[in-house]
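Take a look at the structure below.
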Amino acid sequence: MAAPYASAEEIDKLVENVNVASKAFKAESGRGTEDARRKLQVEATKLLYSLQEPNTEVWPRIFQVNQSAAIEVITQMGLWSKFEDGKILLLKDIISTTGADEVMIIRIFRQLVAANVLSDVPGPGYKITPLGAPYLNPDHAAFSSFVFTEILPSILSLPRNLSTRNYKAPSKDSGSPYKWANGEELWTYLGSHPERALNMVNGMRSLHTGSLETNAYPFAEELAKMDIKDGEVAIVDVAGGQGHIMAEVRRTCPEIKGKFIVQDLASTFEAVAAPPEGIEYMAYDMFTPQPVKGAHVYHYRHIFHDWSDGDCSSFLQQLVPLLKEQPGSKLLLVDLVLPNTDVSMQECVRDLSMFPIGGLERNEGQWRELLEKNRLKIKKIWRGTEPEACVECEVL
């Protein structure tokens, strides 16, 4: 569910409000100056919010702890769906529905009004804003819950855990910061707690919403060049979850022949009745030899950033021998490619969010170094409108 940008007319009105507040601030003196400054700050913030893409803002908001906690409370109460179709949710109805104390609802909702996720309306009550609209998508809410429950506690424990380890980066021997905080690795823990793993599985779909859609690589154009025939394997999506990305590629490229295979742990597939139409499931551990030979494309999306260079090398080595034997096969790695300088706040947030599980976001130099260690090189970096890029690799 993509939330729209503010319209040009809305932005014009907000600019006008900023100008009015700015003139009032200039004209004020004495005790009224601070009130005028605050009014200008509020209007300028509203203008800034209007220029943001709502789906993109879900990520950095997760890591603003008070807002993240308030969002999790509303998710737990099951209230997001009640804002559908622009409905107003009255304070008295929230209290009646949830049995919560009025003072707690006011304090929780106040956080999200200040963040422009909700707005106050007479009643008193609340209405969802364009920045709040992504939470009407259960996948966004699930991803927020996953990060709040699994990732944030590890980040909050980082100062203590790093100080006891002389600020050394996590390694395969030491385990990840998630293991430092929880006693076992995230993937092991989620494997034995499927009810919590479901938030991650569903949340991965939130990275395929609005401006986050995977359009860096032109699948239709590039796959058409490969002359894929019926019965051949067109794409193997390694660690592809429940297949939402490949289902979208299949839907938008109906003319592409061949099999679309999604590989992941068996527990990932157990949560759904059947794969999406046109998709085949295959249980697979990516640290073991790749069983599918002769595929035209091997695709990893949002996988490498979960792992250290050592771990990435381990599962690349399961594939490199096949690529050497199959010079026509492509290897596509979809993740961030950070700039060397002037890294945005969102990119920084996403990088640090990988740290608790032992991963990182890489710049182009780090990608080249990792690939060269594994006898690979960058053939091309494809970029689209989403934050991620697609690194196309070839054998050295």
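Throughout, read-outs are computed from the coordinates displayed, never taken from laboratory work. What you see is a predicted model, and the numbers here were worked out from it, not measured in a lab. FYI the Cβ positions are ideal-geometry reconstructions off the backbone, even for glycines, and counts take in every protein chain you see.
Counting only residues at least eight positions apart within a chain, or on another chain, the aspartates and glutamates with an alpha carbon under 16 Å from that of residue 179 are 150, 306, 311. Along the Cα-to-Cβ line of residue 229, 7 Å from the Cα, sits a label point; which residues in region 276-305 have backbone N less than 19 Å from it? In region 276-305, the label zone of residue 229 (backbone N under 19 Å from the point 7 Å along Cα→Cβ) covers 293-297. Sparsely packed loop sites in region 132-196 (the trypsin sites (Lys or Arg not before Pro) outside DSSP H, G, I, E and B with at most 10 other Cβ atoms within 10 Å) comprise 168.
The chain: Rg/Rh from Cα coordinates, Kirkwood Rh? Show your work: numbers first, answer last.
Values: Rg = 23.6 Å, Rh = 23.3 Å.
Expressed as Rg/Rh, it is 1.01.
What residue among 216, 273, 44 has the largest mean-square fluctuation in a Gaussian network model of the chain, using Cα springs under 10 Å? Ranking 216, 273, 44 by mean-square fluctuation puts 273 first.
For region 61-104, which trypsin sites (Lys or Arg not before Pro) are both in a DSSP coil and crowded by at most 14 other Cβ atoms within 10 Å? Please list the in-between numbers first.
Working: sites: 61, 82, 87, 92; in loops: 87.
Hits after loop and neighbour filter: 87.
Normalised by the number of residues in region 144-286, the average gap of Cα pairs under 8 Å and 6 or more apart makes the relative contact order 18 percent.
Projecting each Cα onto the charge dipole of the chain (Lys/Arg +1, Asp/Glu -1 at the beta carbon, about the Cα centre), which of 67, 231, 276 comes out farthest on the positive side? The listed residue farthest towards the positive side: 67.
Hey, what number do you get for the chain at 222 nm if only DSSP H runs of n ≥ 4 count, each worth -39500 (n - 2.57), divided across all residues, to the nearest 500?
On the way: 19 runs with 179 residues, N = 396.
For the chain, the value works out to -13000 deg cm²/dmol.
Helix 32-50 axis versus longest C-alpha principal axis of the chain: approximately 30°, rounded to the nearest ten. Projected label points at residue 340 and residue 107, each 7 Å from Cα along the beta carbon direction, are separated by 5.0 nanometres. With springs only between Cα atoms under 10 Å apart, run a GNM on the chain and tell me which of 356, 122, 60 wobbles the most. Sorting by GNM fluctuation, first place goes to 122.
If I model region 31-170 as equal point scatterers sitting on the Cα atoms and use the Debye formula, what is log10 I(q)/I(0) at q = 0.17, 0.18 Å⁻¹? Cα-only, vacuum Debye calculation for region 31-170: -0.98, -1.05.
Pick out which of 99, 78, 125 has the largest mean-square fluctuation in a Gaussian network model of the chain, springs linking Cα atoms closer than 10 Å. Answer for the Gaussian network model of the chain: 99.
Counting only DSSP beta bridges with both residues in region 210-395, what percent are antiparallel, rounded to the nearest 5?
On the way: 12 of 31 bridges.
So the antiparallel bridges amount to about 40 percent of the total.
Once the Cβ-Cβ distance of residue 352 and residue 8 is raised to the sixth power relative to R0 = 25 Å, the FRET efficiency obtained is 0.10.
Taking Cα centre as origin and charging only the Cβ of basic (Lys, Arg, +1) and acidic (Asp, Glu, -1) residues, the dipole magnitude of the chain rounds to 740 debye.
Taking chymotrypsin sites (Phe, Trp or Tyr not before Pro) across region 112-203, the ones in a DSSP loop with at most 14 further Cβ atoms lying within 10 angstrom of their Cβ are 167. Averaging the sequence gap over all C-alpha pairs within less than 8 Å and six or more residues apart, then dividing by the number of residues, gives region 51-115 a relative contact order of 35 percent. Our summary gives region 8-134 a relative contact order of 23 percent, counting only alpha carbon pairs under 8 angstrom and 6 or more residues apart. Taking the chain as the reference, fit the longest principal axis to its C-alpha atoms, fit the long axis of helix 194-203 to the helix C-alpha atoms, and give the angle between the two in degrees, 0 to 90, nearest 10. For helix 194-203, the angle is close to 80 degrees. Taken about its Cα centre, region 210-395 carries a charge dipole of roughly 540 debye when the Cβ of each Lys and Arg holds +1 and the Cβ of each Asp and Glu holds -1. Couplings 3J(HN,Hα) of region 10-21, computed from phi: 5, 5, 4, 5, 5, 4, 4, 5, 5, 5, 4, 5 Hz, in residue order, whole Hz [Karplus 6.51 cos²θ - 1.76 cosθ + 1.60, θ = phi - 60°; x for Gly and Pro]. Taking every DSSP beta bridge that has both ends in the chain, the antiparallel portion is near 50%.
How far, in nm, would the chain grow between residue 285 and residue 196 when pulled straight, counting 0.36 nm per residue and subtracting the alpha carbon separation? Each step should come with its number before you reach the end.
Working: separation 89, 0.36 × 89 = 32.04 nm, distance 2.02 nm.
Extra length available between residue 285 and residue 196 comes to 30.0 nm.
Note on residue 35 and residue 157: their simple-model spin labels are 4.9 nm apart, each label 7 Å out from Cα toward Cβ. For the listed residue pairs 39/92; 257/330; 225/293; 13/46; 324/373, the alpha carbons are over 18 angstrom apart in 39/92; 225/293.
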